[in-house]
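For reference, the structure is listed below as structure tokens.
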Amino acid sequence: MTKQNSNSRRSFIRNSLGALAAFTIVPRHVLGRGFIAPSDQLTKAVIGVGGMGRGHFGYAGTRVVAICDVDRGHLQMAMDQLKDKSVKTFTDYREVITLPEVDIVHIATPPHWHGIIAADAARAGKDIWCEKPMTATIGEGKRLVEAVQQHGRIFRLNTWFRFEDNFYGMGTTVKPIKKLVESGMLGWPLKVTVSKHTGFDWKFYWVGKTNLTELPVPATLDYDMWLGPAPYKPYNPHRVHQTFRGYWDYDGGGLGDMGQHYLDPIQYFLGKDNTSPVKVEVDAPQQHPDAVGTWRRIIYTYADGCQIILDGEGKDSQAAYIEGPNGKLYPGFRSTIPDLEKKLAAFPDPVPQQTDFVEAVKLRRKFALNEENGHRSCTLVNMGKIALQLNRSLEFDPVKQEFINDAGANSLIFHPMRGPWTI
């Protein structure tokens, strides 16, 4: 692959926009019995098919027409899995996002690529389904929000617990938790504790190694493209594919892996979708500059006094999941409030959400977990990562989205990108 500078990359995208087409509407009777009209499905390209991407080939209402990966071995595994052998394969995402037959781009790469690919896809007129965490930095998140909104795209972040499925160890969906918080029965402000005792495993096996030796790059892998915007580091298999989460250049260990799954629903039921904490505190060993380590505790505090406590070591075995001045809520929807469910029935349900992504795309309606609230919950993750790397407490301005009187922390709002990459 020949590298392009950022201007030529954007020119490549702009020049291809003329080839983009709207959804093709073909009546069923033209195709015959047993065929599904293209207007009934959305076509998609999956970028990153090493594992997570392959798990999303069959999403209802969509049809895969292209796949992309910098590892040709992954492409082969994906094609072996796909029944439709006419699916196009690519190793450079920039070719994929300008295909006129693609409606949706599904991004399942490591997080250090999420912001760049998603922003470029938005500029190319594609709607976007992105795996978590949304972006590797706060700054990339801000730029991605701008790109999605400037180009009128529909964006979905792929963590679904704010609107469906059992919420890990809580033994319930988030809906009744949201209803309880909105009822006011717990009082205010609230403290939410996220630990193994409240149902949330921080997966501290996602740690990096500090003694890696350089090894030959596999013939199937374009390692330079896999690194992309990240700093060049000698190849070792532990840096890539399944174990990349253990390195700050690409992710943030257990916090990067599970943080947005755990924290996005909290942001939702606390009503914090449009803001961020004003302070983050950490209790952790000094982190290695390259390899992610573990941590004991991270505390986020909002302007109104609400707190989110990430208990990495499970120190408080009796902690409630949510604690307020008037009561506590534990896993299994157990509470110190007598007859909680009976009392809760008298309150209105939360406002309905747009949770069908295919419908959101077709009707051009904002998805329940979108670029704006997704960026805010991802900012929780990225604030924690920065505080861990610096090993100190930080104050944050949720309006300017920058740290207060801390040049060192603000220098990590963006990661320097290797040329020619930019967002």
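The values are calculated or read from the model by the stated rules, or taken from the named source; none is laboratory data. Because the structure is a prediction, the values reported are computed rather than measured. Cβ: placed from backbone, ideal geometry, glycine included. Neighbour counts: every protein chain shown. Ligands, DNA and RNA are excluded from the accessible area calculation, which covers all protein heavy atoms including side chains. Shrake-Rupley method; radii C 1.70, N 1.55, O 1.52, S 1.80 Å.
Please list the non-local residues whose amide H lies under 5 Å from the amide H of T89, H modeled 1.01 Å from N, same-chain partners needing a gap of 5 or more.
Counting only residues 5 or more places away or on other chains, the set is I67.
Contour minus end-to-end for M79 and R418, with contour as 0.36 nm per residue of separation and end-to-end as the Cα-Cα distance? List each step's numbers first, then the result.
On the way: separation 339, 0.36 × 339 = 122.04 nm, distance 3.12 nm.
Gain in length upon complete extension: 118.9 nm.
What do you get for Rg/Rh over the chain if you use C-alpha atoms and the Kirkwood form of Rh?
Details: Rg = 22.1 Å, Rh = 22.6 Å.
We get a ratio of 0.98 for the chain.
Subtract the Cα-Cα distance of N166 and D290 from 0.36 nm times their separation in residues, and report this length gain in nm to one decimal. If you can, show how the numbers build up before the last one.
On the way: separation 124, 0.36 × 124 = 44.64 nm, distance 3.50 nm.
Computed gain between N166 and D290 is 41.1 nm.
Just the accessible area per residue of the chain, please: how many Å² with a 1.4 Å probe? Don't skip to the end; give the middle numbers.
On the way: 17710 Å² over 423 residues.
Result: 42 Å² of accessible area for each residue.
Quote the FRET efficiency, to the nearest 0.05, computed for E214 versus R72 with a Förster distance R0 of 30 Å and r equal to the Cβ-Cβ distance.
Working: r = 22 Å, r/R0 = 0.73.
The pair E214/R72 has a calculated efficiency of 0.85.
To the nearest 10 square angstrom, what accessible area does L363 show with a 1.4 Å probe?
For L363, the solvent-accessible surface is approximately 90 Å².
Sorted by accessible area (1.4 Å probe), largest first, how do Y268, Y59 line up? Working shown, then result.
On the way: Y268 20, Y59 65 Å².
Accessible-area ranking of Y268, Y59, largest first: Y59, Y268.
If you average the alpha carbon positions of the range 232-254 and of the range 154-172, how far apart do those two centres end up, in angstrom?
Each part's Cα centre sits 26 Å from the other's.
What nm value, rounded to one decimal, do you get for the distance between Y205 and S183 when each label is placed 7 Å out toward the C-beta?
Modelled inter-label distance: 3.9 nm.
Where the centre of each part is set by its Cα atoms, how far does the range 352-392 sit from the range 281-331, in angstrom?
So the two Cα centres are separated by 20 Å.
For the range 43-157, compute the orientation-averaged projected area of the C-alpha convex hull (one quarter of its surface), in nm². Each step should come with its number before you reach the end.
Values: hull surface 25.2 nm².
That works out to 6.3 nm².
Of all the accessible heavy-atom surface of the chain, with the other protein chains kept in place and a 1.4 Å probe, what percent is carbon and sulfur?
Exposed carbon and sulfur together represent 51 percent of the surface.
Simple spin-label model, 7 Å along Cα-to-Cβ: E359 to N405 in nm?
Label at E359, label at N405, 5.0 nm between them.
Run the quick spin-label model on K328 and H241: label points 7 Å from Cα toward the beta carbon, then report their separation in nm to one decimal.
Placing both labels 7 Å beyond Cα along the Cβ direction yields 4.6 nm.
For the range 136-211, state the average projected area of the convex hull of the C-alpha atoms over all orientations, rounded to one decimal in nm². All intermediate terms of the calculation are to be shown ahead of the outcome.
On the way: hull surface 35.4 nm².
Averaging across all directions leaves 8.8 nm² for the Cα convex hull.
Arrange the peptides 310-323, 237-250, 202-215 so that the one whose residues have, on average, the most other Cβ atoms within 10 Å appears first.
Working: 310-323: 17.8, 237-250: 19.9, 202-215: 14.6.
Answer by packing, highest mean first, reads 237-250, 310-323, 202-215.
Would you rank H56, H288 by solvent-accessible area, highest first, keeping every protein chain in place and using a 1.4 Å probe?
Descending accessible area places them as H288, H56.
When the helices in the chain are scored as -39500 (n - 2.57) per DSSP H run of 4 or longer and the sum is shared across all residues, what 222 nm value do you end up with, to the nearest 500 deg cm²/dmol? Don't jump to the answer; show the numbers that get you there.
Values: 13 runs with 119 residues, N = 423.
Taking each H run of at least 4 residues, the total per residue is -8000 deg cm²/dmol.
Give, in nm to one decimal, the length gained when the segment between A346 and T91 is fully stretched (0.36 nm per residue of separation minus the Cα-Cα distance).
On the way: separation 255, 0.36 × 255 = 91.80 nm, distance 5.54 nm.
Contour length minus Cα-Cα distance gives 86.3 nm.
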